[in-house]
């Protein structure tokens with residue numbers, strides 16, 4: 001299996017080639033340019049250890065205010081999308097339980113991501129299909145600052161879905177997969 005640095009490099013490539021280049025997150029490029037992103041690889045397949053890693057990332061963000069966002073990448077765990085959704089649910093509950101509502105927000109990415117409303121083989125799912133299962137932890141204050149200067153941020157998800165569908169399933173799959181095979 002890949003080393004942690006190789007996994008991080010592939011993730012950075014995916015962020016650049018898919019998230020930034022397709023403009024799925026119009027705020028990502030600035031964060032990357034300012035080097036305020038942290039990447040952490042968790043190799044365990046044990047759900048408890050993975051949740052501990054999540055809490056460690058929250059603690060890192062608490063201690064290191066210069067980090068705006070963190071990607072916790074699961075290199076071996078949560079290969080099944082339903083297992084991953086369970087992780088997301090527990091992580092969101094932990095944020096609430098630990099008093100982080102309004103402080104941090106999760107974005108979810110998975111190689112088999114599927115929106116509840118999408119049909120099978122919908123290119124739109126590739127707006128959240130990453131190369132590894134991962135949790136993206138964002139500071140809500142950073143989100144608030146970014147969207148304050150962006151016209152109609154509520155339209156971003158629909159714009160992304162429309163873009164992915166225009167490009168098509170083959171294009172979106174090849175683009176994402178090119179980040180693994182590089």
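Only the coordinates and a few stated rules stand behind these numbers; no lab work does. None of these values were measured; they are calculated from a predicted model. FYI the Cβ positions are ideal-geometry reconstructions off the backbone, even for glycines, and counts take in every protein chain you see.
Based on DSSP, what percent of beta bridges with both residues in the range 4-178 are antiparallel, to the nearest 5?
Approximately 65 percent, going by the DSSP bridge assignments.
Please work out how much length the chain gains when fully extended from residue 173 to residue 97, using 0.36 nm per residue of separation minus the C-alpha to C-alpha distance, in nm with one decimal.
Difference between extended and current length: 23.7 nm.
Quick one: check the C-alpha center-to-center distance for the range 144-163 versus the range 1-63, whole angstrom.
Answer, in whole Å: 21.
For the range 14-49, list residues with backbone N below 17 Å from a point placed 7 Å from the Cα of residue 145 toward its Cβ?
Correct set: 26-38.
Students often get this wrong: which residues of the range 9-45 have the backbone nitrogen under 17 Å from the point 7 angstrom along Cα-to-C-beta of residue 181?
Residues passing the 17 Å test: 10-11, 13-14, 17-18.
Quick check on the chain: what are the equivalent-ellipsoid semi-axes from the Cα gyration tensor, as sqrt(5λ), descending, whole Å?
For the chain, the semi-axes come out at 23, 20, 17 Å.
At 0.36 nm per residue, minus the direct Cα-Cα distance, what do residue 21 and residue 112 gain on full extension? Give it in nm, one decimal, please.
Between residue 21 and residue 112, full extension yields 30.7 nm more.
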